[in-house]
Every structure is written in C-alpha cells, then in structure tokens.
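Written out below as structure tokens is the structure these notes cover.
The values are calculated or read from the model by the stated rules, or taken from the named source; none is laboratory data. No experiment lies behind these values; they were computed from the predicted model shown. Cβ sites come from the backbone with ideal geometry, for glycine too, and all protein chains shown count toward neighbours. With ligands, DNA and RNA removed, areas are computed over all heavy atoms of the protein, side chains included. Shrake-Rupley method; radii C 1.70, N 1.55, O 1.52, S 1.80 Å.
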Amino acid sequence: MLEKLKEEVYKANMDLVKHGLVIFTWGNVSGIDREKGLVVIKPSGVDYDVMKPEDMVVVDLQGNVVEGQLKPSSDTPTHLAIYRAWPEVGGVVHTHSTFATGWSQAGLDIPNIGTTHADYFHEAIPCTADMTEEEVKGAYELETGNVIIKRFEGMNPMHTPGVLVKNHGPFAWGKDPHDAVHNAVVMEQVAKMASIAFAANPNLTMNPLLVEKHFNRKHGPNAYYGQ
C-alpha cells in the first residue's frame, strides 16, 4: 500500500540525516495521499541506520494504523492536526535542529532580517505560546498541533511554511515530503544566520522592500526565479 509514498517519505527522513538536522532518532517526516486520506510516517524510535522503506507506517487522518508492523512516530497526532487544518500541505517535518531549537527554547520568533529568509518565509518564523497545564497533561501531541494552528491565525501557512514550538523545536511543511525537508533545512540556516546577525548587531534593521522583492520573485504572481 502506498509503496511510492513510503519510498518518498523514507528518502525524506534520510535527508534529515544527510543535511545534519537530526541525530539518534530525533526527527520525523510524513507525507499524505490526499485522494486516499492516508498518511505515511516514520516509525517511532527506529534508528536511521537500520530503517527501511517498508518500515514506514500508514495511518488514517484520525491516527488509526492502516498498515505497518511498527508504531508510528509519537509526533503523529501533531502531523495529522496540520494535515487536517491545511489541505495545501503534502508533507510535514519535525526536528530538533540546533539553531532553530535554540530560538524555540528562547521563546522568540525568528525575524525576517535577510533575503535568504525572505526567499522562503514571508513573515517572521513564529514561535507558539506557552502550552497550558491542560494541554501538556492531556493529548499532548495533538495539542501541540493545535497550538501551531492557533499561532497561524491570520497568516498563510504556505507563505511561511515553518514554526517554532516554544521550548520544543521546529516543524516545517511543504507541498510534499521533499519540499517540507527543504524548508526545514532553510529554517535551520535562517536561524543560524539570525543568531550570528543579532550577536553582531542587536539593533539591526531590515528593508521591508527587500522582503517583498525576494519573496515575490519566487512565490508571487509574476515570479521569475528559476527555470
């Protein structure tokens, strides 16, 4: 079942290792077949060195395992909340990459202060609010998804395809698993650049015209970047 998507999700998970976004078993990628309403996700706690495409787990949008011998990622309810809320999303990534996680632990948005950021994220990459006692002690992973969705009220999640969950780490998404990983890699680099920039000049500023220029030349109605 969904063998092509399993292979795609497996490769996307391995790309997290290739790009240095995860160590041990810390990350996960999923992808969705919108026609079938099924999600393929990395199994929980399986080492990347031994993981195989056939280990990927198929679940429905309510989290029921449809196929697979292993338990799905513990973050599955968060992924599913994002898929249910935003039908444009085709892939979701969660990591504990160093710089993005650092900003999430600081509880700060990553401001849009450079053209690299603006090429991929129109707004500041937002950080969620503190989770309540009820959210933490209840259906924690589902509530993590809910606080992400709440943080994006009034924002276009496809124009800023990433978030920092406060005190936890980054989630990113895209039109498919590969695109989601791409956005996660860029988010980590943007977080690193912002860390360096603010250390060098805490009073830095950004020209808003450059933000609009760089975002729209790749994503606007008259985009011209690329072939």
- Test: residue in segment 15-22 that is assigned to a helix (DSSP H, G or I), open to solvent by 70 Å² or more (accessible area, probe 1.4 Å) and closer than 24 Å to PHE99 by Cα: yes
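Rundown of residues vs (1) open to solvent by less than 30 Å² (accessible area, probe 1.4 Å); (2) of a type outside the set (D, E, K, R), yes/no style:
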site: TYR120; (1), (2): no, yes
site: CYS127; (1), (2): yes, yes
site: GLU143; (1), (2): no, no
site: GLU153; (1), (2): no, no
- Are there any pairs, at least 6 apart or on different chains, whose C-beta atoms fall under 9 Å, with the first in segment 177-188 and on the phi < 0 side of the Ramachandran plot and open to solvent by 30 Å² or more (accessible area, probe 1.4 Å) and the second among the basic types (Lys, Arg) and in a helix (DSSP H, G or I), and if so, which? HIS178/LYS11
- Subset of segment 67-120 [part of a loop (DSSP other than H, G, I, E, B), of a type in the set (A, V, I, L, M, F, W, C) and touching a Phe, Trp or Tyr at 6+ places or on another chain (Cβ under 7 Å)]: VAL89
- Name the single residue, out of those in segment 206-223 being part of a loop (DSSP other than H, G, I, E, B) and free of Cβ contacts under 8 Å to residues at least 24 places away in the same chain, that is least open to solvent (accessible area, probe 1.4 Å). GLY220
- Task: Select, from PRO177, PRO111, PRO170, PRO161, the only residue that is at pLDDT 95 or above, touching an Asp or Glu at 6+ places or on another chain (Cβ under 6 Å) and not hydrophobic (A, V, I, L, M, F, W, C).
- Result: PRO177
- Item | Candidates THR101, THR78, filtered to the one that is open to solvent by less than 30 Å² (accessible area, probe 1.4 Å) and in contact with a helix residue (DSSP H, G or I) (Cβ under 6 Å, 6 or more places away or on another chain) | THR78
